[in-house]
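This report concerns only the one structure given below.
Where a number appears in this text, it was derived from the coordinates with a stated rule and is not lab data. Just so it is clear, the model here is predicted, and its values are computed rather than measured. Reconstructed Cβ throughout: ideal geometry from the backbone, glycine too, with neighbour counts over all protein chains shown.
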Amino acid sequence: MQRFDFYFAPAYRIAARPFGITPERAWVQIDDEQVIANYGRWRLRTPLANISRAAITGPYRFYRTAGPARLGVTDGGLTFASNGERGVLLSFRKRVPAIDPLGLIRHPELTVTVADVHGLLDALGAGR
């Protein structure tokens, strides 16, 4: 099992705190079967085989990414952002629930701003 912590830029840390998002509650975990991304009270879990693509992305605009988990209005993608520099975009074969407690909204992709973006890419490549 591998765990990747988020990198928090100071302004993002301040914006995230009111939503219960702290470095201790923001991480991505990968094992032989699944990926779990935790961001405060939000959690996304999917089988490793459901990931169709992973790529480094960024930079991001602060006003579009800071604070709580963000839902892309146009595409339904989900963003867990703790900095505006770069992250990893995970695309899914089958949409995954995460942002709402009932699981009615399903996401085609997730962006996570972990500290070790290259390590996360390597871990995903090694697991498939």
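So here's what we get for this one:
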| item | result |
| --- | --- |
| Candidates 89, 78, 48: whichever shows maximal mean-square fluctuation once the chain is modelled as a Gaussian network with Cα springs under 10 Å | 48 |
| Formal net charge of residues neighbouring residue 57 (Cβ-Cβ distance under 12 Å; K, R +1; D, E -1) | 0 |
| Fewest-first ranking of 99, 30, using other Cβ atoms within 10 Å as the exposure measure | 99, 30 |
| Principal axis box of segment 2-126, alpha-carbon based, largest edge first, Å | 35, 31, 24 |
| Label point distance in nm, residue 32-residue 71, each placed 7 Å from Cα along Cα→Cβ | 3.7 nm |
| Beta bridge orientation in the chain: antiparallel %, DSSP, nearest 5 | 90 percent |
| Between segment 33-54 and segment 60-120, the alpha-carbon center distance in angstrom | 10 Å |
